[in-house]
């Protein structure tokens, strides 16, 4: 690998940009392709699938090595459903941060081994670096906490935005965000009520439905 290719690869990894190293199997020539600039590449369609499914492999005489940033999950609300979501998300490879300004909820005893931030979402989320390998879910049922987090997520490139609550709660949420200036097409990004409609009951089943929905968004873009 040439030094300039290695330097570009390291820079992409440091800044959480998804890239693929494409090596011609006959000549050994290499090029680095960013996911954000696929359209001009002759392997664009196959590279998009490789990025989406984290799948390296050979295509048309070239080997594609995918370097996706680690997956991240930002959970707003140190609540009981978060406690059920986290083990599943960890098994799926997500780095998890729980944000809740209510310090009595966001404790190491309740969330061992998880990054906890007892901050207001609007204060911390702009500096987290919300990007296309990040999912955000708002779980508190408290508009003072959830709404600022959703506003930050909707103005970013995160691949998933979900919010807990009934259809009535979701309707009220959308009204508030619309009044704050968010257009309808942007508000459609919010998965609410969060999770796939599988008839889930109780926190563990709801957690399964949530992470299934996150996975569908990640892999299928739906």
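The values are calculated or read from the model by the stated rules, or taken from the named source; none is laboratory data. All figures in this text were calculated on a predicted structure; none of them were measured in a lab. Reconstructed Cβ throughout: ideal geometry from the backbone, glycine too, with neighbour counts over all protein chains shown.
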task: Look through 204, 193 and report the one residue that is over 16 Å from the mean Cα position of the chain (by Cα), in the same structural domain as residue 83 (by TED's automatic domain parsing), under 22 Å from residue 72 (Cα atoms) and in a helix (DSSP H, G or I).
output: 204
Scan of region 52-93 for residues that are without any contact (Cβ under 8 Å) to a residue 60 or more places away in the chain, part of a loop (DSSP other than H, G, I, E, B) and within 15 Å of the chain's Cα centre (by Cα), ordered by number: 54, 93
- prompt: Would a scan of region 122-137 turn up a residue that is surrounded by fewer than 21 Cβ atoms within 10 Å (Cβ to Cβ), assigned to a loop (DSSP other than H, G, I, E, B) and either without any contact (Cβ under 8 Å) to a residue 40 or more places away in the chain or over 17 Å from the mean Cα position of the chain (by Cα) (or both)?
  reply: no
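Taking residue 143 as the residue in question, decide whether it is buried (at least 18 other Cβ atoms within 10 Å of the Cβ) and within 21 Å of residue 80 (Cβ to Cβ).
Numbers: buried (at least 18 other Cβ atoms within 10 Å of the Cβ): no; within 21 Å of residue 80 (Cβ to Cβ): yes.
The answer is no for residue 143.
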message: Of the conditions (1) more than 15 Å from residue 62 (Cα to Cα); (2) at pLDDT below 90; (3) surrounded by 11 or more Cβ atoms within 10 Å (Cβ to Cβ), residue 39 satisfies every one except a single condition; which number is it?
response: (3)
- prompt: Among (1) closer than 16 Å to residue 159 by Cβ; (2) assigned by TED's automatic domain parsing to the domain that holds residue 130; (3) surrounded by 14 or more Cβ atoms within 10 Å (Cβ to Cβ), which single condition is residue 78 missing?
  reply: (1)
